[in-house]
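Take a look at the structure set out below.
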Amino acid sequence: QVQLVESGGGLVQPGGSLRLSCAASGMIFSITAMAWYRQVPGKQRELVAAISSGGSTNYADSVKGRFTISRDNGKNTVYLQMNSLQPEDTAVYYCNAGGVFRFPYHPSDYWGQGTQVTVSS
């Protein structure tokens with residue numbers, strides 16, 4: 001019954017911004033840790049950012065200062081604001097729900113379908 005639906009991906013020029021959204025259902029969202037991962041062809045899926053039910057956050061070193069994860073419990077939605085995007089950020093971005101929040105975040109088996117982010121001129 002758990003569903004995670006990502007949206008907001010697309011094509012953007014280097015230096016640009018995008019905001020990704022993940023709409024969650026089938027869980028008590030307000031007590032659920034959430035995270036964003038990304039994956040490129042031939043590479044392992046990697047953690048980008050995580051947020052606890054209480055609002056604590058963790059970020060990959062590669063995105064610190066550029067990306068911000070947030071949540072709106074009234075909308076059952078987690079966001080990833082991405083600024084100063086670079087070609088190296090190109091990937092499919094996935095939402096994960098209900099993992100263990102620690103350093104690093106340990107994902108659950110609940111994933112969305114992913115949304116493509118392409119940073120190119």
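Which residues, taken from segment 49-65, are open to solvent by 50 Å² or more (accessible area, probe 1.4 Å) and assigned to a loop (DSSP other than H, G, I, E, B)?
S53, G54, S56, D61, S62, K64, G65
Mind listing whichever residues of segment 66-93 are of a type outside the set (S, T, N, Q), closer than 20 Å to G26 by Cα and surrounded by 18 or more Cβ atoms within 10 Å (Cβ to Cβ)?
Narrowing segment 66-93 to residues of a type outside the set (S, T, N, Q): 66-67, 69, 71-72, 74-75, 78-80, 82, 85, 87-89, 91-93.
From the residues that got through so far, the ones that are closer than 20 Å to G26 by Cα too are 71-72, 74-75, 78-79.
Passing the criteria: R71, V78, Y79.
Which ones in segment 66-94 are part of a loop (DSSP other than H, G, I, E, B) and polar (S, T, N, Q)? So that I can check it myself, show each step before the final result.
Step one: list which residues in segment 66-94 are part of a loop (DSSP other than H, G, I, E, B), which gives 66, 73-76, 83-86, 90.
Within segment 66-94, N73, N76, N83, S84, Q86, T90 meet the criteria.
Tell me which residues, restricted to segment 1-48, are part of a strand (DSSP E or B), open to solvent by less than 40 Å² (accessible area, probe 1.4 Å) and either at pLDDT below 95 or more than 19 Å from H106 (Cα to Cα) (or both).
E6, G10, V12, L18, L20, S21
Can you name every residue in segment 95-108 that is touching a Pro at 6+ places or on another chain (Cβ under 9 Å), in a strand (DSSP E or B) and open to solvent by 30 Å² or more (accessible area, probe 1.4 Å)?
Listed by number, the list holds a single entry, V100.
Output the residue which, of all residues in segment 109-121 that are of a type in the set (S, T, N, Q) and within 13 Å of the chain's Cα centre (by Cα), is least open to solvent (accessible area, probe 1.4 Å). Show your work before the answer.
Quick first cut of segment 109-121, residues of a type in the set (S, T, N, Q) only: 113, 115-116, 118, 120-121.
Within this subset, residues satisfying the condition of being within 13 Å of the chain's Cα centre (by Cα) are 113, 115-116.
Details: Q113: 103, T115: 17, Q116: 89 Å².
Out of the qualifying residues, it is T115.
The values are calculated or read from the model by the stated rules, or taken from the named source; none is laboratory data. What you see is a predicted model, and the numbers here were worked out from it, not measured in a lab. Please note: Cβ atoms are built from the backbone with ideal geometry, for glycine as well, and neighbour counts cover all protein chains shown. When the accessible area is computed, the model is the full protein with side chains, heavy atoms only, and any ligands, DNA or RNA have been set aside. Shrake-Rupley method; radii C 1.70, N 1.55, O 1.52, S 1.80 Å.
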